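This report concerns only the one structure given below.
The values are calculated or read from the model by the stated rules, or taken from the named source; none is laboratory data. Note that the coordinates shown come from a computational prediction; the quantities given were computed from them, not determined experimentally. When we count neighbours, we look across all protein chains shown, and the Cβ atoms used for this are built from the backbone with ideal geometry, even at glycine.
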Amino acid sequence: MNQSTLALESLDIGRQLVDFCWQGKADEAIDALYAPDVVSIEAKDCADCGPARREGIAAKRAKAAWWNDNHIIHKTEVSGPWPHADRFIVRFNYELTPKLGPMAGKRMRLEEAGLYTVRDGKIVQEEFFYHMGE
């Protein structure tokens, strides 16, 4: 595939991901858009939530379940996608209250960018970049 074709494919998958997220259907996005051997990479390991790198759809689902079980989400905003060849970026803004860790019980904001890689119409890798603030 050439760069233009790859960008169109990643744009399409990115738009679908953003639509699922806006509808509050992130779990359905996993079923529809992710490859069975997806690799998910967080910014760092976490004592409460596990290793930074996880491989496979079951690990991705477990990570999503952990997120849902351990946070009260007050507000979510999603923007993008911004495609580049076989990748795209989506930006997430959350207002949330963690249930665990040093910020447990404290309402906070989390801004996060996800870099997604697409192959054969599925997300094969996601990497998250974030800074937690007030």
Please work out if Leu11 is surrounded by 15 or more Cβ atoms within 10 Å (Cβ to Cβ), hydrophobic (A, V, I, L, M, F, W, C) and either part of a loop (DSSP other than H, G, I, E, B) or over 14 Å from the mean Cα position of the chain (by Cα) (or both).
yes
Enumerate the strands (runs of 3 or more DSSP E) found wholly within the stretch 15-133, keeping only those where 2 or more residues are acidic (Asp, Glu) and within 25 Å of Thr5 (Cα to Cα).
122-133
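Select from the stretch 35-53 the residues that are touching a helix residue (DSSP H, G or I) at 6+ places or on another chain (Cβ under 6 Å) and surrounded by 12 or more Cβ atoms within 10 Å (Cβ to Cβ) and list them in ascending order.
If the condition is that a residue be touching a helix residue (DSSP H, G or I) at 6+ places or on another chain (Cβ under 6 Å) and surrounded by 12 or more Cβ atoms within 10 Å (Cβ to Cβ), then Val38, Ser40, Cys49 are the ones that fit.
Return yes when Gly80 is at positive phi and surrounded by 14 or more Cβ atoms within 10 Å (Cβ to Cβ) and no when it is not.
In short, yes.
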If we ask which residues in the stretch 25-53 are at pLDDT below 90 and of a type outside the set (A, V, I, L, M), their number turns out to be 7
Go over the candidates Gly101, Gly80, Gly56 one by one and state the one that is at pLDDT below 95 and of a type outside the set (A, V, I, L, M, F, W, C).
Gly101
Inspect the stretch 95-109 for any residue being over 15 Å from Gly14 (Cα atoms), surrounded by 15 or more Cβ atoms within 10 Å (Cβ to Cβ) and touching a Phe, Trp or Tyr at 6+ places or on another chain (Cβ under 6 Å) and give the result as yes or no.
no
